[in-house]
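Okay, so here's the structure we're looking at.
Readers should treat all values here as calculations from the given coordinates under stated rules, not as data from a laboratory. What you see is a predicted model, and the numbers here were worked out from it, not measured in a lab. Neighbour counts are summed over all protein chains in view; Cβ atoms, including those assigned to glycine, are modelled from backbone coordinates with ideal geometry.
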Amino acid sequence: MSALRADARRHHSVRFLFRLTVEKMSRMDFSRKMIQQLLGFKPDDLNCILTLPFNKGFDVSFLTETLWKDFWTRLEKVKKEFDMFEIVKLTDNTRKTVIVRMFNEMVSGEDICLWLSRFCNVRGQAVKVRDIDGIWNCAWRIPIQQFEDPEGFQGLKHLPQVIVLGENRGYIHYQGQPKLCRQCGEHGHLVEACEKAFCRKCREVGHTVEECDKGRKCNLCGMENHLFKDCPQSFANKVKAGKGKQDDLIRREVEAPAEELGELLEEPMTEEEKGAELEKQLTEEQGEHQGQVLQITEKETEEQRPVIQTAKRPAEDSLPQSPIPEGKRGRDDVVSDESLQESRIFPSDSPNETSFLPLLGQSSPKDNYEKTNTLQELEQGERVKQNTMEKDKDNG
């Protein structure tokens, strides 16, 4: 049943379905009489001819895309002989790339896409066509998808060959474009041989300008209540409308009270102000960081500081009874009496007596250094005195 799907992907293929009221033919008769004799194709031009299930018709596949496109051209000439078939395209030939060549560089690609949307589906944005040096040649490349039309050439609704936007004209080219009449848009003759009346005022076929009872249309959107220069959908008018709205907004902001204006708009900071603000923030962050470091350092110092332990001890145990050598000279023998007197400040049974009282009997290195210097000075003075006396004695 998958062979009956017309939307399946096929290469250069066409489907012929029998109508209900006709007598069906065999595959060989269809190939020889219809394809080879009427259309003029050779067996070497065909890829395959297959019979559909229940003898509903035939699928014909051509070797190349050129032969497939040539089939539709030949079919137009003998279309009446194929009335017994309903012909369906299995290969999608509706997607094309259109080249629009304008003669005014000020025509925008948005307006060209809007004009094309009246005749086909525009699948993407307009892109400028450039030469090998990268210079724009005033042409646009636009991807489209054509509308299907059973009465049209190759079953498609083809685009006009000329584009007119106001006073600007251009030409349209795409692959598979037939030679249509530029006046009536039909296939089979050119504008020089066209016998149909055409109105250049409303761009319709069937009457002349003198017989036209309609007004001029906008050749961009097709509306009758305005022309191209006043079309609200044109790119230029959209830009003007947007600029007008922006000017109105600025005018309202300027006329607003100072308080509301301050809330709506903030003056941008200069580079110097931005630098000063950034430097201020960095200074504050550094100050906060240094403060945190100092707090942490003080906390660690307090935790590492030694704690003097106090304990209740009897008065007899508070002072050590260590003998002092007689020949040793130092501060210990000088301070011992004072330390003993200070130790008597607390009663022997006082509960506030502390264990650091023995430290009073010890001397510091600074005290020892000063005492040594004093003794040396005294000894030096004695020697000088003795020398002086000996010299006086000798002289006497």
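Restricting to DSSP loop positions (anything but H, G, I, E, B) with no more than 12 other Cβ atoms inside 10 Å of their own Cβ, which chymotrypsin sites (Phe, Trp or Tyr not before Pro) remain in the range 47-135?
Details: sites: 54, 58, 62, 68, 71, 72, 82, 85, 103, 115, 119; in loops: 103, 119.
Taking the range 47-135 and a limit of 12 other Cβ atoms within 10 Å, the loop chymotrypsin sites (Phe, Trp or Tyr not before Pro) found are 103.
Residue by residue through the range 206-216, what is 3J(HN,Hα) from phi via Karplus (6.51 cos²θ - 1.76 cosθ + 1.60, θ = phi - 60°)? Round to whole Hz and write x for glycine and proline.
Working through the residues one at a time gives x, 8, 9, 5, 5, 8, 6, 10, 10, x, 6 Hz.
Pull up all non-local amide H partners of residue 189: gap of 5 or more, or a different chain, and H-to-H distance under 5 Å with H placed in the peptide plane.
Residues meeting the amide H criterion: 181.
With 10 angstrom as the radius, rank 205, 107 by how many other C-beta atoms surround their C-beta, starting from the fewest.
The order, fewest Cβ neighbours first, is 205, 107.
For residue 48 and residue 76 in one chain, what is 0.36 nm times their gap in residues minus the Cα-Cα distance, to one decimal in nm?
Numbers: separation 28, 0.36 × 28 = 10.08 nm, distance 2.22 nm.
Extra length from residue 48 to residue 76 when fully extended: 7.9 nm.
Rounded, prolate or oblate for the range 80-128? Axes are the square roots of the Cα gyration tensor eigenvalues, ordered a ≥ b ≥ c, and the cut-off for rounded is a/c under 1.5. Let's see the in-between values first.
On the way: a/c = 3.56, a/b = 2.94, b/c = 1.21.
Prolate shape, in that a/c is at least 1.5 and a/b is the bigger ratio.
Could you compute the net charge surrounding residue 173? Neighbours are other residues with a C-beta less than 11 Å from the C-beta of residue 173; K and R count +1, D and E count -1. Write out the running numbers ahead of the final one.
Numbers: positive: 96, 101, 141; negative: none.
Computed value for this residue: +3.
Scan around residue 147 for amide H atoms under 5 Å from its own, H built in the peptide plane at 1.01 Å from N, and keep only partners 5 or more places away or cross-chain.
Answer set, sorted by chain and number: 121, 157.
Using θ = phi - 60° and the Karplus curve 6.51 cos²θ - 1.76 cosθ + 1.60, what whole-Hz ³J(HN,Hα) does each residue of the range 166-179 get, with Gly and Pro shown as x?
x, 9, 9, 10, x, 10, 10, 9, 7, 5, x, 6, x, 7
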